[in-house]
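Enquirer: Sharing a structure here in C-alpha cells format.
The values are calculated or read from the model by the stated rules, or taken from the named source; none is laboratory data. As the structure is a computational prediction, the values presented were derived from the model and not from experiment. Cβ atoms come from the backbone with ideal geometry, glycine included; neighbour counts cover every protein chain shown. Just so you know, the surface numbers come from the protein's heavy atoms only, side chains and all, with ligands and any DNA or RNA stripped out. Shrake-Rupley method; radii C 1.70, N 1.55, O 1.52, S 1.80 Å.
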Amino acid sequence: ILNVEQSPQSLHVQEGDSTNFTCSFPSSNFYALHWYRWETAKSPEALFVMTLNGDEKKKGRISATLNTKEGYSYLYIKGSQPEDSATYLCASPGGKLIFGQGTELSVKP
Amino acid sequence: DVKVTQSSRYLVKRTGEKVFLECVQDMDHENMFWYRQDPGLGLRLIYFSYDVKMKEKGDIPEGYSVSREKKERFSLILESASTNQTSMYLCASKGREFVNTQYFGPGTRLTVL
C-alpha cells in the first residue's frame, strides 16, 4: 500500500519568516509527486507536479524539490505572508492519487 | 477554463433520507473521484471511477454508492443518510496520465440531522 506522509502536521510562523515542510513517499514505483494548496472555504488547487529526481519547481515565493531515490519532497516558502495560510497537501499516484494528511500553515501578521 | 461543479454548496438532510450529490466536469477527464474531508483526517477517498460505468472503492466506501452513466458526471449516493455522514464532500476529476493535475469542485457541506 502506498503511504504518503507529511510533516509537520501544523506550523505557525510570523509574517516574513521562511518555512519548509516535508512530504515522504515510497521510492519504489515512483511516477510523480503533486503539491496542492488548500485555502479555507476554497477547493484544493494544484501548485506543482514533479517527476524527475533532483527536480526543482518555483512559483513566486514558493518552491519545491524532489528526491525520488530517498522518497521525499520539500516545499519552501520564502518570506511567508498571511495569504500563504493554507493547508499544503502532497500526493503521489498509484492508480489513484494518494494524499498525505497535509501541513496546515498559519502565518501571523 | 477548467471546471468541476457540484450540485449544491450546502445541503441539510434528515437521518434515513436518500441523498444524491452530483458532480460534473467539462474537461473530458477519464478519472473522477469523491472525497470527504473531516477536521484532523485530511482528504479520504470514498469512491473513484476511471471510465463510464466503472467504479472502484476507495478507503471509506461503507454507506455510499456511486454512479457514472456519462463521462462528465459522477454521482455519490447516500442510500440512508446517517449523522456520521455529516461532512464536506469534494469531487475531483483528472486525466489518465500520472502527471495530470487533479481538479477539485467547490465542495458540498452536508449536514445530516
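Enquirer: Taking the range B:65-76 as the region of interest, how many residues are closer than 15 Å to B:C91 by Cα and open to solvent by 20 Å² or more (accessible area, probe 1.4 Å)? It would help to see each step written out before you state the result.
Expert: Kept after step one, since they are closer than 15 Å to B:C91 by Cα, are these residues of the range B:65-76: B:65-68, B:71-76.
Adding the requirement that they be open to solvent by 20 Å² or more (accessible area, probe 1.4 Å) leaves B:65, B:67, B:71-73.
Selection size over the range B:65-76: 5.
Enquirer: Still on this structure: Take the residues of the range A:82-108 that are within 26 Å of B:E30 (Cα to Cα) and of a type in the set (A, V, I, L, M): which is surrounded by the fewest Cβ atoms within 10 Å (Cβ to Cβ)?
Expert: A:I98
Enquirer: Something else: If we only count strands (runs of 3 or more DSSP E) wholly inside the range B:24-101, which ones have 2 or more residues that are farther than 25 Å from A:E45 by Cα and either in contact with a Lys or Arg (Cβ under 7 Å, 6 or more places away or on another chain) or aliphatic (A, V, I, L, M) (or both)? Walk me through how you get there before you give the answer.
Expert: Numbers: elements: B:31-38, B:42-49, B:64-70, B:73-78, B:87-94.
Qualifying strands (runs of 3 or more DSSP E): B:73-78.
Enquirer: Identify, from the list A:G60, A:G79, the residue that is out of contact with any strand residue (DSSP E or B) (no Cβ under 8 Å at 6 or more places or on another chain), farther than 26 Å from B:Y47 by Cβ and open to solvent by less than 40 Å² (accessible area, probe 1.4 Å).
Expert: The match here is A:G79.
Enquirer: A further question on this structure: Could you say whether any residue in the range B:26-37 is open to solvent by less than 20 Å² (accessible area, probe 1.4 Å) and farther than 30 Å from A:E5 by Cβ?
Expert: no
Enquirer: If you check B:K57, B:K70, which single one turns out to be away from chain A (no Cβ under 11 Å) and not hydroxyl-bearing (S, T, Y)? So that I can check it myself, show each step before the final result.
Expert: Numbers: B:K57 fails: away from chain A (no Cβ under 11 Å).
Of B:K57, B:K70, the one residue that is away from chain A (no Cβ under 11 Å) and not hydroxyl-bearing (S, T, Y) is B:K70.
Enquirer: Confirm whether A:N29 is surrounded by fewer than 18 Cβ atoms within 10 Å (Cβ to Cβ), more than 9 Å from chain B (Cβ to nearest Cβ) and closer than 30 Å to B:E56 by Cα.
Expert: The answer is yes for A:N29.
Enquirer: Sticking with this structure for a sec: Counting only residues that are among the charged types (D, E, K, R), give me the strands (runs of 3 or more DSSP E) lying completely in the range A:22-72 with at least 3 of them.
Expert: The qualifying strands (runs of 3 or more DSSP E) are A:56-59.
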